[in-house]
Every structure is written in C-alpha cells, then in structure tokens.
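A short worksheet on the structure shown next.
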Amino acid sequence: MLFDVFQAGINLFREVHETRWNPYGLERDILLFFRDFKKSIDSKDVQRLQSLISDNYYSSSYVNQDKKQLISWFQTVFQKIPSFIYPSLEIEICKAPEVRSKDTVYLVIRPTLNIHILGINLASQLFGTNNRIAMLIERNTNSSLFFLINMEEV
C-alpha cells in the first residue's frame with residue numbers, strides 16, 4: 001500500500017517534469033531548439049539566449065522590435081532577479097508547428113514563467129495577449145539549427 005502511494009507520487013513528478021522538458025506537439029530539431037531556449041532562460045544565460053535569436057529577429061507587436069532590444073530586455077529582467085531565485089519556463093503548444101517554407105516553421109505557444117526559490121514555486125506569470133505568442137523559427141541552412149526570427153502577440 002505505502003509502496004503504491006510512493007510509486008504514484010514518483011509517476012506524478014515524472015509526468016510534470018517530462019511535460020516541462022518535452023512540450024506535447026514538438027519533436028526532433030524543433031524540440032531541441034525549445035529545450036535550449038528553456039535552459040537559457042532557466043539559467044539566466046543571456047549569451048546562450050543570444051545564440052538562439054536570429055540577427056534578423058523582428059516584432060511589430062512587442063516593444064522589443066529587434067534582436068538588440070530583445071536581448072537587452074532579457075538582460076534587464078535577469079539582473080532584477082536575485083541570484084538565489086531561478087525562473088523556470090514552461091511551454092504549452094497551442095498550435096502544432098506548421099512548415100511555412102522549406103526552412104521556416106510557425107507555431108503558437110503559451111509560455112509560463114515560474115519563479116522558484118529552493119525548489120518551491122513562488123509565482124507564475126503568463127506573457128502575451130490572451131497568454132499566447134505566435135513564433136516563427138527558421139533553420140539556418142549552414143548549421144541546420146533553428147533560430148527565433150519573430151514573436152508576435154496573438
């Protein structure tokens with residue numbers, strides 16, 4: 001009996017953990033891009049995040065309309081978070097990835113930023129209109145890696 005309760009707890013923890021790292025609807029290289037994106041935000045690593053954003057990044061609905069402004073915004077946010085508090089990005093896929101051209105993929109996500117201290121979730125914040133963001137990611141023809149090229153409010 002006690003073993004069953006313990007096993008159910010482990011399964012519940014594993015399901016939540018797997019969902020955070022493997023958002024339903026993503027696979028292969030797109031999944032790897034979002035894992036890297038999550039890891040760069042979770043670790044507050046601006047250089048890593050910068051390497052995931054295309055030099056051609058643009059946005060018409062966000063204040064951060066180019067790569068430089070977006071990186072500056074992330075840097076400001078990360079600096080405001082004390083060193084002992086860590087963000088944890090969760091991504092829910094609202095629209096399955098749709099190939100727009102040979103190397104460009106469109107999808108809609110609902111990102112949630114959780115704030116943790118010593119493993120305890122203190123707060124969660126959704127971003128975007130109706131809590132959703134439309135994204136375009138593009139595959140670099142030389143490296144075959146995906147880069148964020150556009151984010152818009154939905």
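The values are calculated or read from the model by the stated rules, or taken from the named source; none is laboratory data. Since this is a predicted model, take the numbers as computed values, not measurements. So basically every Cβ, Gly included, is an ideal-geometry build from the backbone, and we count neighbours across all protein chains shown.
Could you grab me the full set of residues in the stretch 40-52 that are part of a loop (DSSP other than H, G, I, E, B) and charged (D, E, K, R)? Spell out the reasoning first.
Going through the stretch 40-52, the residues part of a loop (DSSP other than H, G, I, E, B) turn out to be 43-45, 51-52.
Once the filter is applied, which keeps residues that are part of a loop (DSSP other than H, G, I, E, B) and charged (D, E, K, R), the stretch 40-52 yields Lys44, Asp45.
On the stretch given as the stretch 58-102, residues that are outside any helix (DSSP H, G or I), in contact (Cβ under 8 Å) with a residue 24 or more places away in the chain and within 25 Å of Leu122 (Cβ to Cβ) total 10. Restricting the stretch 93-117 to residues that are touching a Phe, Trp or Tyr at 6+ places or on another chain (Cβ under 8 Å) and modelled with pLDDT under 85, the residue that is farthest from Phe34 (Cα to Cα) is Ile117.
Taking the residues in the stretch 82-92 that are among the hydroxyl-bearing types (Ser, Thr, Tyr) and surrounded by 12 or more Cβ atoms within 10 Å (Cβ to Cβ) as candidates, determine which candidate is modelled with the highest pLDDT. Looking at the filtered set, the residue picked out is Ser88. What single numbered condition from (1) in a strand (DSSP E or B); (2) more than 16 Å from the chain's Cα centre (by Cα); (3) over 14 Å from Ile149 (Cα atoms); (4) not small (Gly, Ala, Ser) fails to hold for Asp55? If we test Asp55 against (1) in a strand (DSSP E or B); (2) more than 16 Å from the chain's Cα centre (by Cα); (3) over 14 Å from Ile149 (Cα atoms); (4) not small (Gly, Ala, Ser), just (3) comes out false. Is it the case that some residue within the stretch 134-145 is touching a residue at least 60 places away in the same chain (Cβ under 8 Å), farther than 18 Å from Leu52 by Cβ and surrounded by fewer than 16 Cβ atoms within 10 Å (Cβ to Cβ)? For the stretch 134-145, residues touching a residue at least 60 places away in the same chain (Cβ under 8 Å), farther than 18 Å from Leu52 by Cβ and surrounded by fewer than 16 Cβ atoms within 10 Å (Cβ to Cβ): absent. Annotation note: Cβ proximity below 6 Å between a residue of the stretch 106-121 that is without any contact (Cβ under 8 Å) to a residue 40 or more places away in the chain and a residue that is part of a loop (DSSP other than H, G, I, E, B) (sequence gap 6+ or interchain) occurs for Tyr106/Arg100; Arg110/Arg132; Pro111/Phe127.
The single condition among (1) at negative phi; (2) under 15 Å from the mean Cα position of the chain (by Cα); (3) polar (S, T, N, Q) that Ser101 does not meet is (2).
Could we say that Gln79 is exposed (fewer than 14 other Cβ atoms within 10 Å of the Cβ), over 16 Å from the mean Cα position of the chain (by Cα) and among the polar types (S, T, N, Q) here? When the stated conditions are applied, Gln79 passes them.
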